[in-house]
1. If you scan the range 292-351, which residues turn out to be among the hydroxyl-bearing types (Ser, Thr, Tyr) and not in a loop (DSSP other than H, G, I, E, B)?
2. Going residue by residue through the range 39-52, is there one that turns out to be hydrophobic (A, V, I, L, M, F, W, C) and within 15 Å of Arg93 (Cα to Cα)?
3. If we keep just the residues of the range 1-17 that are part of a loop (DSSP other than H, G, I, E, B) and more than 18 Å from Ile84 (Cα to Cα), which is modelled with the lowest pLDDT?
4. Looking at Leu94, Leu120, which one is in contact (Cβ under 8 Å) with a residue 40 or more places away in the chain, in contact with an Asp or Glu (Cβ under 6 Å, 6 or more places away or on another chain) and of a type outside the set (Lys, Arg)?
5. Any residue in the range 271-290 that is in contact (Cβ under 8 Å) with a residue 24 or more places away in the chain and within 15 Å of Asn316 (Cα to Cα) sitting within a Cβ distance under 6 Å of a residue that is among the acidic types (Asp, Glu) and not in a strand (DSSP E or B)? List the pairs, counting only those 6 or more apart or interchain.
6. Please find, among Ile103, Ile84, the residue that is among the hydrophobic types (A, V, I, L, M, F, W, C), under 35 Å from the mean Cα position of the chain (by Cα) and modelled with pLDDT of 90 or more.
7. Within the range 72-89, identify whether any single residue is closer than 26 Å to Ile110 by Cβ, touching a strand residue (DSSP E or B) at 6+ places or on another chain (Cβ under 7 Å) and either among the β-branched types (Val, Ile, Thr) or touching a residue at least 40 places away in the same chain (Cβ under 8 Å) (or both), and answer yes or no.
8. From (1) at pLDDT below 65; (2) closer than 23 Å to Ile322 by Cα, pick out the condition that doesn't hold for Ile294.
Amino acid sequence: MKLICAPVIRKPLEVMGVAGMTDFVRIYIATELNKDEYRTTLRHEQGHVWSGHNRRAPKGADDETWRIACEMEIARTIYDQADIDNIKAPRSRLAGVYVPDSIPGMPGHITLAEDIYEWLMEHPDDVPKMAMCVICKAPPEGKAEEKTPEAIGSAQEARARLDEEEMKGKSQAAVESAYAALKSRTPSLSCAVDAALRVRIERERTHRRPSRRSADDSVILAGAVSKPRPPLVEIFIDRSGSFTPQKTAKAEIKLKEILQRYGSTIASDVWFFGNGKLSEVDYGGGGDTPYHLIPHHLERTKPKLAIIITDDDPVNKCVLPIDKTTSVLCIPIECAMTNLARALNGIDVKA
């Protein structure tokens, strides 16, 4: 329910002493309230004005009991679940305000302030003492003098420090959680291939377009021309003694499906390594795992991307670093990661 019935004036909490109050002409709300607290307080004070609680009090009514009755009527007729959540939120400035179930023994069907007042007069011992707003009263202008500036400043600083620590704790926990998830995440092969092949145009040094930077006409420097060139992708398949054709069948099928998406936009070669050699022909495998032959080959061909299908065999022989222009992706087969990816500064990906 949206209630619009009186202008709103904002004043500091240390001046008002409460989160909200009304004189049934204007509504006063503390400036320190956050968005959710402001929403509930505004609805609460509008409810007092709209309900006419200043003119409905029974003749000779006890002021304190009538105020509780008005608070409970607001709680049971105006509040929605969002208001209740705002009041019960941790460290809420509205903590302790009456909510629909604040008086356990009061029947749920009693909602009018007059009926609530009668029940409260019959059950005075069942009424808990809770926080209330100030109604039927203008804001005390001299309230600020009751607190020294030092006390007010200390309270504000303490509140700000608690808010900062709470937000810092939440932010730190979120960052740590995201970082842990990022570290444990294994990228997919398709995403890794897309990232490595995102640049499809390379500049080629050529005398067909001489450089214009030389002032000496007797020297013709090679210029550069940009032209589309299909990047080279080389695929290396393990055929060592511990690696059987059956182990790579599934990964090879997945690899072909991915590379088919690029069609003629890439150039791909397949190499098989094992038993001390690196070959363009699948020779059946066997023997050791000659990982050291791969970086030697990459140093000569310098492909844009090297995809290696292997397992976690140890890298025994010296593996030289490769050119930084070549990205290395390793597809682990029947293992979580490969030793070769770490040796070549590559990454393991999911097939």
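The values are calculated or read from the model by the stated rules, or taken from the named source; none is laboratory data. Just so it is clear, the model here is predicted, and its values are computed rather than measured. Because the Cβ atoms are built from the backbone with ideal geometry, glycine has one as well, and the counts that use them run over all protein chains shown.
1. Thr301, Thr310, Ser327
2. Start the filter on the range 39-52 by keeping residues that are hydrophobic (A, V, I, L, M, F, W, C), which leaves 42, 49-50.
Now drop any that are not within 15 Å of Arg93 (Cα to Cα), which leaves 42.
Yes, the conditions are met somewhere in the range 39-52.
3. Filtering the range 1-17 for residues part of a loop (DSSP other than H, G, I, E, B) gives 1-7, 12, 17.
Still in the list and also more than 18 Å from Ile84 (Cα to Cα): 4-7, 12, 17.
Working: Ile4: 53, Cys5: 64, Ala6: 81, Pro7: 89, Pro12: 90, Gly17: 85.
The extreme case among them is Ile4.
4. On the way: Leu120 fails: in contact with an Asp or Glu (Cβ under 6 Å, 6 or more places away or on another chain).
Exactly one of Leu94, Leu120 is in contact (Cβ under 8 Å) with a residue 40 or more places away in the chain, in contact with an Asp or Glu (Cβ under 6 Å, 6 or more places away or on another chain) and of a type outside the set (Lys, Arg), namely Leu94.
5. Between residues of the range 271-290 that are in contact (Cβ under 8 Å) with a residue 24 or more places away in the chain and within 15 Å of Asn316 (Cα to Cα) and residues that are among the acidic types (Asp, Glu) and not in a strand (DSSP E or B), the close pairs are Thr289/Asp313.
6. Numbers: Ile103 fails: under 35 Å from the mean Cα position of the chain (by Cα).
Checking each option against the conditions leaves just Ile84.
7. Taking the range 72-89 first, the residues closer than 26 Å to Ile110 by Cβ are 72-88.
From what's left, touching a strand residue (DSSP E or B) at 6+ places or on another chain (Cβ under 7 Å): 87.
When the remaining residues are screened for being either among the β-branched types (Val, Ile, Thr) or touching a residue at least 40 places away in the same chain (Cβ under 8 Å) (or both), the result is 87.
Yes, that holds for at least one residue.
8. It fails just one condition, (1).
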